[in-house]
Structures are given as structure tokens and as C-alpha cells.
Amino acid sequence: MIDCEGVALVPPERVIVCAVEDLPLRAHPRQDADVVVDGRSQVVACSARARAAGIAPGAELTRLRARLGAFSVVERDLVAEEHLRRLLARNLLDVTPAVGWVAGRSAALAITVRAARRYYGDEATLLERVRSRMQGFDGVRVVVADSVAAALLGRDGDGDHPSGTSRQRIAAYPLHRLPPWLSRPLRAVGLRWIGDFQQLEPAAVAARFAHRGLWWHRLVRLEGDVPIVRRLTDASLEPDVVEVTVEEGVDEAALRFELSGALGALSDAHAGLQPTRWRAWVATDRGALERVVERPPGAHIAEIVESVRQLERRSRSERGRTRRLGVDVLAWTQPQPPQLALDGVAGFRVAALTQVLRILQYRYGAGAVQVPRSGPVGRGWNEATPWVPWTGGWPVAALEPSAATGPWPGRVVGLVPTRVWEPPVAAQLLDEDGEEVTFDAEGVVRTAPATLRSFDTVERVREVRGPWVVRERWWEQRRARYARLLVVTDRRWCWVRREHGAWWLEGSYE
Amino acid sequence: MTSFLSAAQLRDQRLELAGAAAHVLNGGVARGTALVIHGGLGVRWAALEALAPMSRRVDAVALVGFDDLPAAALSAAGWSLDRVVRVVAPPGRLLDVAAHLAEVVDLLVVTEHLVDARWPRLLARVRRRRGVVAVVEHTCHQSRHQVLAAGGSTTVLEVVGVDVVGSTSVPERLRVRLVRGTLQAQRALHVVEGVR
């Protein structure tokens, strides 16, 4: 399954893809293993026998107890997996240097045919050479197709895609090869094949599945492809080992200093990269302790040293004196902002943001997520630049210059209040005697305001500015529509409005 | 969560402020921290003015709990509006909304109502993302400040005065005076230590 949704797609290119099915199972040293689980007891790979019994990757072990029966369950071995991956990559590098990892797939390598063809003359010779190299490996599927996604959607027995035919070939694949959130609704409306999905209008897909559906739609129509994130070199496959021999009587600070120095030198040699997976190990008189640590965003040297120190402390009590300790760096990565990085793939942060905004819209309604837009220009503070529901896309389109400076009658000049109530809130403006302040027909205040009551609070009025009277359709000799006052209290400056025989709180500077 | 960045690296990662806040916090505010701006009149304007350069520099800014803030006020304070999003949700769900957004935005601006016992967890998310969370607080409350202090990594600005500037009767500009403040909980601690 392709599991890097949201990644910015690249133009498709003809590729040879070598994908290892159930890599954690095939790499595991125990040959009789049926189910491989990770540290959180989630199934990461399983044998055909276990699959037939209803066990599938992604399931939680605790929910499968009844089905496990005689199957042997083992914990995944990251070191063995890394070794197998390197072995595969080294074998392919012997054929061509145009090899790279597929984004979001730890067990798929891709060779761009165009780059490699110059050495071999034609595609068939290159394919033959790759297949012969992969013959010794169990469970490796080698397929040539017009895009990486087309190759990954295939299964054993689907065969190669002749040039220019991938779109037709994947059209004949069943729909359940797409993710369940996409395939189930499509099957519910009668679609059976990926070809049916290809023929849908993008607008219809966008309306039902939003950007996630469009991403898959472009992928199966071969309008975009999953990127190849990292090209490999021989040097990148060599293990990076740092080892320190512990002399008698040496203190912990000195050890840490030596280890940091060695790791610093190693890090300098990989300029611009950070360790993302490493094996910390400690060899003592009575045995050894090791631990594989993974930090997908990339780790600092201090973090690696700390992992070794913890291991060394654990070994002290039972395992005698420490003889040697060290670190094998198993994988490097481009330094990424933590948490939302995907191994150097651009566009993932924006995809994460849009996904969160869509979740919030789903939970609280389409109007819950709002962005500013230049709107129908009017006299209100909220009309020149209104908040409107977010409709997808980030960043939102730049605002057009507002024409709010036009002569709108009733538009308030000066600074926009930092709080504007929409609609205005009922308030009471009272004079010293507790009577409501009123206007006469000319818009002159009859008595001086003394207190302002709103939201169950009473504020002493220190100063009043105005009034500003707004008359509409003055030629009809109607009364003033409303009048505004700027009231200064101890807590704030606020705009109040007299309309329909009542006072309304419009906005305030806070 | 321990930061492995050196002091120099942390300084480089600071985000600049504007207005009175820029004078008070000359080096700006560090990523992965909280900025609390509290006081009475002028606090909201002070926050908008201070955060304006950040809105132009970062990828995404989210406002939570500001249902009555007009977009024109952001524009007047100098914000870039093409990377700003406001989320309106029921009051009881605002912290959940903020927790979601903390993972994906660089600057999260919230009101005082979002500060409760779950605050340290929200701040941890912001720190992991290396973003900044700004809290705009109208009324100080000691229990809330205890929660803010528990989260750590907090810079406090306090509004000590505001002048309304305008050649006419209508305000044309607010000039806010700020000082580097302390949370009430910290202040109480200082007093206790002084007595001892």
C-alpha cells in the first residue's frame, strides 16, 4: 500500500520498482516466524499462513489473541531489516547508480529507466539484469511500469507494463487495492475497478473526497507520481560505526567526551545529515546489551550519547565491568522540523495543516474555520475585510486592495476596534439620575452619560465623544437612522449606537 | 522535553516582535515558548502589534477564541492576512481545537480562557513543533498563572499604560506601554522567598 498521502506529486517517469513484501518478516533471523510485531504490539508483517487465518498488518496483537493459536510471534528486528535493505540496495547499485528509495515505503527501491538505459541499450536488458540480481532474495517483486504508483498497485502475477500502457493496466485492477476510506464509498455506489475511478470527473472526486481523493485520482490517472526521495551511493550504504574502549578507572565524563568527539567527526563527514536510526551497544565482562533507537526527524549527538550512557548504567549492576561501548548509525536523514516531516518530502507540512483544518471543519461545521477575504465593501468594520469559511488551499489567495476608503455614509474613520460584536450587543447608557440617555430630533444628546451597562457589568463613563449622526435617504425627510458615541470608561474605549430606541454596543478598543 | 540546542542556536531561532514589545524583548521570542501578554486596556492591540512581524515570517498563524476580532484590526496592526486562520468553536472545545492546531501552525494565538490544567500538554505540543503560542489575557488570575508557570518556557509582557493618539475625536492609533512582567504565581514565590 502507498502510505505517503499528502506528499507533493512529481511527473511520472518510467521506472523499475523492486518491492519487498513483508520485509520485517523476511529479514527476521527466525525462519519460523509467522507474525512480526513492533514495540507497540501492532502487527507489521505476517506470513501467508497467518494472513489466511485473518491476521493482517496494522492489527493490534491484543485483539488477535484468539486467532494466534500456534503462530509464532516475534518482535521486529530493525538491525536485520536494515541489513537486508542495504543488501538489496548494494545489489542494485552494482547494476546502475540510478537507484533511490520510494517516498513513504521503507521496502521499495526504484530505478529510473531513462537514466539507466544509456548503459544497457534497451529496457529489456536492464530489466533482465535487475531480475538476475534479485533472484536470490525471497519475496522481492520486480516490475517495470510508467510510474512508481502503477508498479506498487500491482500484485504478483500482474506482470510488467509495456511502455505507455500502465494507465490501461491499472484500470483493470480491482478497486480494493486503493485505501478502504476511498474504495468502500466507491464500491457502495457500484464502481468495481480502478478504471471506473479513473473516469470520474475531478470535480466530482473533489466534492466527495476533497484533496485526499484528488491526490489518489491524479495518481491512478498517471497525472502525478510518488517521488523517489533519496538517491543512493556506495558510501551511503557503508555502516557508520563509532567504538570506544573503556580503560580501567576512566570516569563517565571522559567517556562521554570521547564518544561525542567521535560522533561529531562522523557527523561532519555526513555534512547536512542527521542520524535517524542507530544501535547503541555496550560490551561487558559477562555479555552485551544493545538497543536500537529511532528518531524520524533526526537526532542530535547529545541524544545518541545519552542513549549509550543509559545502556551503560543498566549494565553496571549485573554484567560486570564495561569493556567497550559504541554506536552503529544505521540511517541518516535530512534535518527536518520535528513531528511532521517525511524524509525530505516537500509539501508535507502544508498537507498536515490542511488536513487538520478539514478535521476541524468536519467536527464544528464548515464555518468554524475562517480566513480573511476582501469582501463587499460597506460601512461596517467587518464588511471591508470579512472572515469567510476556508475553502481549501494554503496559503489563501492574497487579498485584493480594498476600496474601503470610498465615501460610504456612516463609515467610521480612524482605528478599527479590536473587538467588534456582530450583531451588536444590547447596552444601557444612563445619566447621573439613572435615566436613559436620549437624543433629540437633531441628534443632540439631552443629558450627559454617566454609566454604561453591558454584559451585566457597570462601567463609569469618564468621557464621551460625538455624537455622529447617520441619516439615510435624507431627501425623504425621515429621522436620523442612528447615532454613534465614543464612550471612554475606566476599562476601555467603546463605540455605542442609538438605534430603534435602544443603545447597542458595537465595538471597543481593548 | 530537554532542548539540545546551544544558546547561540536558540538565539538564531528567535522570532522578532514589533511595537513596544520589540523594545522590551529586544531579542524577540524563542521558538518553542509561550508569550503571555496581560493587562487591561490595550492588551489586545499590544498583542496584535507585537506579533505582526511573525505573521509575515511564518507559514501559518491560527487564532483561537477570538470570535469578535475583526480581520480589519489585524490588517491595521500590520499582519499579513494570507496565512492567518481563525477557528470558531464552542467554548468547551477550544482547547481541543488549539491542541490540534498546535501540531501544525507556527504561531498560535489564544485567549486566557484556554488556559487550564491541560496547558502544559498544549505547550509541549507547541515546543515539539518549535512554534510559539501567545496568550492574550485581560484579567490576571493567580490560579491561571500557576498553570502558566507550571508549563515553563514563558515570557511575560505586562501592559502598564495606553495612550490613544488622534488628531480628531476618533482614535487613530493606540500607543501601548509594556514592561517585562512576571506571572502572579512567580511574584508570590518571590515574596515568600524574600520573607524567608
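The values are calculated or read from the model by the stated rules, or taken from the named source; none is laboratory data. No experiment lies behind these values; they were computed from the predicted model shown. Heads up, the Cβs are rebuilt from the backbone with ideal geometry, glycines too, and the neighbour counts pull from every protein chain shown. Remember, those area values only see protein heavy atoms, side chains included, never the ligands or the DNA or RNA. Shrake-Rupley method; radii C 1.70, N 1.55, O 1.52, S 1.80 Å.
Computed quantities for the displayed model
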{"read-out": "Members of segment B:82-104 found to be at the interface with another protein chain (Cβ under 9 Å from one of its Cβ atoms), under 24 Å from B:Arg130 (Cβ atoms) and either open to solvent by 20 Å² or more (accessible area, probe 1.4 Å) or at pLDDT 90 or above (or both), listed by number", "value": "B:Asp82, B:Arg83, B:Val84, B:Val85, B:Arg86, B:Val87, B:Asp96, B:Val97, B:His100, B:Leu101, B:Glu103"}
{"read-out": "Identity of the residue in segment A:449-465, among the β-branched types (Val, Ile, Thr) and in contact (Cβ under 8 Å) with a residue 12 or more places away in the chain, that ends up surrounded by the most Cβ atoms within 10 Å (Cβ to Cβ)", "value": "A:Val461"}
{"read-out": "Index of the failed condition, A:Glu248 passing every other in (1) assigned to a loop (DSSP other than H, G, I, E, B); (2) open to solvent by 50 Å² or more (accessible area, probe 1.4 Å); (3) at pLDDT 85 or above", "value": "(3)"}
{"read-out": "Segment B:74-92 residues that are closer than 17 Å to B:Ala50 by Cβ, paired with ones that are basic (Lys, Arg) (beta carbon under 6 Å, 6 or more apart)", "value": "B:Ser80/B:Arg56"}
{"read-out": "Selection status of A:Ser47, in contact with an Asp or Glu (Cβ under 7 Å, 6 or more places away or on another chain) and crowded, with 19+ Cβ neighbours inside 10 Å", "value": "yes"}
{"read-out": "Members of segment A:225-245 found to be of a type in the set (D, E, K, R) and modelled with pLDDT of 80 or more, listed by number", "value": "A:Asp225, A:Glu243"}
{"read-out": "Top-ranked residue in segment A:13-44 [being open to solvent by 30 Å² or more (accessible area, probe 1.4 Å) and in contact with a helix residue (DSSP H, G or I) (Cβ under 8 Å, 6 or more places away or on another chain); ranked as modelled with the lowest pLDDT]", "value": "A:Ser41"}
{"read-out": "Odd one out for A:Ala56, checked against (1) in contact with a Cys (Cβ under 8 Å, 6 or more places away or on another chain); (2) small (Gly, Ala, Ser); (3) assigned to a helix (DSSP H, G or I)", "value": "(3)"}
{"read-out": "Residue that is farthest from A:Arg221 (Cα to Cα) [pool: residues in segment A:158-188 that are touching a Pro at 6+ places or on another chain (Cβ under 9 Å) and either in contact (Cβ under 8 Å) with a residue 40 or more places away in the chain or open to solvent by less than 70 Å² (accessible area, probe 1.4 Å) (or both)]", "value": "A:Ser183"}
{"read-out": "Some residue of segment A:98-111 being among the polar types (S, T, N, Q), touching a residue at least 24 places away in the same chain (Cβ under 8 Å) and open to solvent by less than 10 Å² (accessible area, probe 1.4 Å)", "value": "no"}
{"read-out": "Residue that is nearest to B:Val105 (Cα to Cα), among those in segment B:124-135 that are open to solvent by less than 50 Å² (accessible area, probe 1.4 Å) and in contact with a Lys or Arg (Cβ under 7 Å, 6 or more places away or on another chain)", "value": "B:Gly131"}
{"read-out": "Residue match in segment B:136-143 (condition: surrounded by 23 or more Cβ atoms within 10 Å (Cβ to Cβ) and within 28 Å of A:Pro395 (Cα to Cα))", "value": "yes"}
{"read-out": "Boolean, B:Val133 is in contact (Cβ under 8 Å) with a residue 40 or more places away in the chain, closer than 26 Å to A:Gly393 by Cβ, β-branched (Val, Ile, Thr) and within 14 Å of another protein chain (Cβ to nearest Cβ)", "value": "no"}
{"read-out": "Residue among B:Ala71, B:Ala52, B:Ala117 that is at the interface with chain A (Cβ under 9 Å from one of its Cβ atoms) and either free of Cβ contacts under 8 Å to residues at least 60 places away in the same chain or open to solvent by 10 Å² or more (accessible area, probe 1.4 Å) (or both)", "value": "B:Ala71"}
{"read-out": "Answer from A:Ala66, A:Ala50, A:Ala70, A:Ala59 - the residue that is of a type outside the set (Ser, Thr, Tyr), touching a Phe, Trp or Tyr at 6+ places or on another chain (Cβ under 6 Å) and free of Cβ contacts under 8 Å to residues at least 24 places away in the same chain", "value": "A:Ala50"}
